[in-house]
1. In this structure, does residue A:131 turn out to be closer than 30 Å to residue B:135 by Cβ, surrounded by fewer than 24 Cβ atoms within 10 Å (Cβ to Cβ) and modelled with pLDDT of 95 or more?
2. Determine whether segment B:71-81 contains at least one residue that is more than 7 Å from chain A (Cβ to nearest Cβ), farther than 26 Å from residue A:77 by Cα and in contact (Cβ under 8 Å) with a residue 12 or more places away in the chain.
3. Output the number of residues of segment B:81-111 satisfying the condition of being crowded, with 21+ Cβ neighbours inside 10 Å and more than 17 Å from residue B:125 (Cβ to Cβ).
4. List the helices (runs of 4 or more DSSP H) inside segment A:44-133, counting only whole elements, that have at least 3 residues being at the interface with another protein chain (Cβ under 7 Å from one of its Cβ atoms), among the β-branched types (Val, Ile, Thr) and more than 17 Å from the chain's Cα centre (by Cα).
5. Exactly one of (1) under 14 Å from residue A:80 (Cα atoms); (2) assigned to a helix (DSSP H, G or I) is unmet by residue B:101. Its number?
6. Looking only at segment A:64-98, which residues are over 19 Å from residue A:129 (Cα atoms) and among the aliphatic types (A, V, I, L, M)?
7. Being in a loop (DSSP other than H, G, I, E, B), under 17 Å from the mean Cα position of the chain (by Cα) and facing chain B (nearest Cβ under 7 Å), is that true of even one residue in segment A:24-41?
Amino acid sequence: MKNSILTFLAGAFFGAGLALSGMTDPLKVVAFLDIFGFWDPTLAFVMGGALLVFGGGYFLLRGNIELPGNPEEKISSNLILGAILFGIGWGLGGFCPGPAIANLGALRLEALVFVPTMAIGMMLVQRIYRIDG
Amino acid sequence: MNPDYLYGFLGGCLIGGGSLLALIATGKIPGISGVFGRLLKPKQNEKGWRLVFLFGLIAGAALLFHLSENASIFRVPDGRNWIIYAIAGLVVGFGTRLGGGCTSGHGVCGMGMGARDSMVATGAFMFAGVVTVLLFRLLTS
C-alpha cells in the first residue's frame, strides 16, 4: 500500500513535470527538433533538470539503499534501428510516449489516436521479437 | 532569460524526481515505453504498479492543465492531421520497444545511470527527429 502511494506520487510528479515544462505541447517539442527553423531549446533545459535530479539522486543513493545497477546492454542493430524509428515518429507528431499518455486526460484527439496505434506498434514488436520481461 | 527555460528546468526536475521515486518504490527502471508496453503483454504479472504509475502521470498532468493556462497550451504543428498522428503512434510504439526505451527510459533513466547504449540511442532518436522535422517541412511547404 505504501509503495502504491509512492508509485502514484512518482507518476504524478512525472506528469506534472511534463505539463509544467511545456513538453505536453507538440509544437514545443517539434520546435526543439527544428534546429534549421525557429529553434526552441526548452527541451534541453527539461532534459538537464531531469538528468540532474535523477542521475544525481541515483549516484547519491545507490550506496545506501538497494537500487538496480547500470542497465547498459551491448549496442545492437535493434537498438539503433528502434531509436531511429522512434525519432521519426517523434518528429512527425511531436509526441513521445509520456506526453501522449499525459494528454489522454485532456481528451486531445491527437493523443486519443496516437496512444492506441502506439500500443499496436508495441504489441507487434513484442510478438515478432519475443521481448521478455 | 526566457521564462519557458525556467519552467522547463523545473518541470525537468519533477520528471527526474518522479522517475527516481518510482525507481526506489518499485526497484524497476520506470521508462514510459517499457511501463506501457509491458502492460500490453498477456503473460506479465507485475501490472499493478505500472497501472498506478501511469494513472498518476495522467492525474499529475491533468492537475497542472487545470491550475495553469500556460501548462495547458496544446498546439498541433503545421501540416499534421490525425492520420499523421496514427502513423506516428505506430512508429513510436514499434521503435521504442525495439530500441528498448524512449525519451524517459534512455534519455533520462539510462543516461542518468551512466549507460552508454542509452547515450547512443538518445543521440540516434534526436538525430532522426531533427531530420524528420526538416524533411516534413521541406516536403509539405
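1. Judged against the criteria, residue A:131 is not a match.
2. Taking every residue of segment B:71-81 in turn, at least one turns out to be more than 7 Å from chain A (Cβ to nearest Cβ), farther than 26 Å from residue A:77 by Cα and in contact (Cβ under 8 Å) with a residue 12 or more places away in the chain.
3. Counting residues in segment B:81-111 that are crowded, with 21+ Cβ neighbours inside 10 Å and more than 17 Å from residue B:125 (Cβ to Cβ) gives 1.
4. Qualifying helices (runs of 4 or more DSSP H): A:109-128.
5. Answer for residue B:101: the failing condition is (2).
6. A:65, A:67, A:88, A:92
7. Yes, because at least one residue in segment A:24-41 is in a loop (DSSP other than H, G, I, E, B), under 17 Å from the mean Cα position of the chain (by Cα) and facing chain B (nearest Cβ under 7 Å).
The values are calculated or read from the model by the stated rules, or taken from the named source; none is laboratory data. In this text, all values refer to a predicted model and were calculated from it rather than measured experimentally. Using ideal geometry, Cβ is built from the backbone for each residue, glycine included, and neighbour counts are taken over all protein chains shown.
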